[in-house]
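Written out below as structure tokens is the structure these notes cover.
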Amino acid sequence: MEGNDRALSRLLSGRPSLSRPEKEEILEAVLADVEPAPRSESARSWWAVLGAVGAAAAATLVLWVNPGDPDAGFAARGGTEGPQLAAVCAATSAVGRCTAGGELMFELADARRFSHVALFAFRDDGTALWYAPSEQQGTSVPIEHDGAMVLLPTKVRLDQDHPPGRYTVAAVLSQRPLSREEIRAAYERSPGQGIVGRRTSDTAVIETEVVIR
Amino acid sequence: MTIFEGNRELLLSFRAGDPEALATVYWHYVSMIERLLRRGFQSGEVRVPGLPDADVRDVLQDTFTRAFSAKAREGYDGLRPYAGYLIRIARNLVIDRARLQGRVEYDAEAGLHTDAQEEAADEVVAQGELQAATQQFLRGLDTEARELVRLRFEQERSQEDVAAAMSVSRRRVRTLEQRVRRALHEHLTRVGLDAELAHEHDHGRPRPSGGGRP
């Protein structure tokens, strides 16, 4: 929290003691100093890691490609229109940052026109980490829409394949299940920085950044 | 009863350093330790005064950082009451800090030092003004914002719990939380209490986490 936020939080709580947000901040600092849990077989079941695709870590939100509406154009990088992705640390509820050994969850907003999602991330060294679909699943997973915001069932344990650093988490949204090859193709077709945008099949690519400490 | 009693899975996860397990333990004990730090305690025949507000955050963080270290976790057998273990760490930190600050000798009959009492009185007045202004602000909030304040700040629920209780997204909760704080700040500024708020802020200076990352 910045500035006077701590004092304001205490006033809102009506008590002179630490507010909930302050306690969360302390917990985050404590967890940052704790050695991560060792890798375990149970952690493996939560995510699957494949080989590299290779891409430098990028920053923040990416374009949303809207092929269904020829006049739609594109949401600018960092804009608030269209689907949005947030990575949330399970232990602290912090957005966009978490500690090694922790668990990441993913929230999707304003994505009702899409029925399926694929999730993956890129480390600073370019290594790609598949989150969904797993090899067993094979195709992008269905989105269970329940309101404008969806908490995806995919959770990621930040174990030894997630050393501290900056990660770009990408989601490929689609209106049908996509294979991994189709997912890769959709991602590689999406505009990068210096957005121009173009029409593709009914997919959208969105990204967010996560810092792991 | 320790939090680990009858919950071997939590104990194993805690000893392994699982962040969710650590968070569970933290939330179970954090308020108790904070009260101890603020109220002080009796050490033999000596009364150790509570910490000033500015030190509470630091010592609270230090207490749990020590308790959650790998050595401490692995050394905990799950049989001894965990609260007692945390309290011992907190008390030692308070005593160490008091010694460093020169408050070495405590007169059990004299109680708090006079300077601390004078400062406390000024702070009480300022705090009262801020609280009154805050109550005025809260009365003007819409239903949704008022519910957020009740759940998030008064009941100290997590953002996830608040989102579920209010049937909104967590993003909405975060947005509301920021808006309410900003609006309160603006209100306090309008009524001329921004200086008092800044004084409260100065007493809650943040302290970054230490090194020790792998």
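All of the numbers you see were taken from the coordinates with simple rules; none came from a lab. Being a predicted model, the structure only gives us computed values, none of them experimental. All Cβ positions, glycine included, derive from the backbone under ideal geometry; neighbour counts span all protein chains shown.
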Post the alpha-carbon centroid distance, segment B:26-41 to segment B:129-152, in whole angstrom. 26 Å
Residues meeting the amide H criterion for B:Arg47 (H placed from the backbone, H to H distance under 5 Å, 5 or more places apart or on another chain) are B:Ala108
Vicinal HN-Hα couplings computed from phi for segment B:69-80 (Karplus, 6.51 cos²θ - 1.76 cosθ + 1.60; Hz; Gly/Pro x): 5, 4, 5, 5, 5, 5, x, 8, 8, x, 9, 5
Can you tally the net charge around A:Tyr167? Count Lys and Arg as +1, Asp and Glu as -1, for every other residue whose Cβ sits under 9 Å from the Cβ of A:Tyr167. 0
From phi via Karplus (6.51, -1.76, 1.60), per-residue ³J(HN,Hα) for segment B:82-96 in Hz, x at Gly/Pro: 5, 4, x, 5, 5, 5, 4, 4, 5, 5, 4, 5, 5, 5, 4
When Cβ neighbours within 10 Å are restricted to other protein chains, what is their mean count per residue of peptide A:100-107? 3
Average beta-carbon neighbours from other chains, 10 Å sphere, peptide B:59-71: 4
Going by how many other Cβ atoms sit within 10 Å of their own, how do A:Leu18, B:Leu138 line up, fewest first? B:Leu138, A:Leu18
Across B:157-164, the residue-averaged tally of Cβ atoms belonging to other chains within 10 Å stands at 3
For B:Met166, B:Met32, A:Met105, what ranking results if the residue with the fewest other Cβ atoms within 10 Å of its Cβ goes first? B:Met32, B:Met166, A:Met105
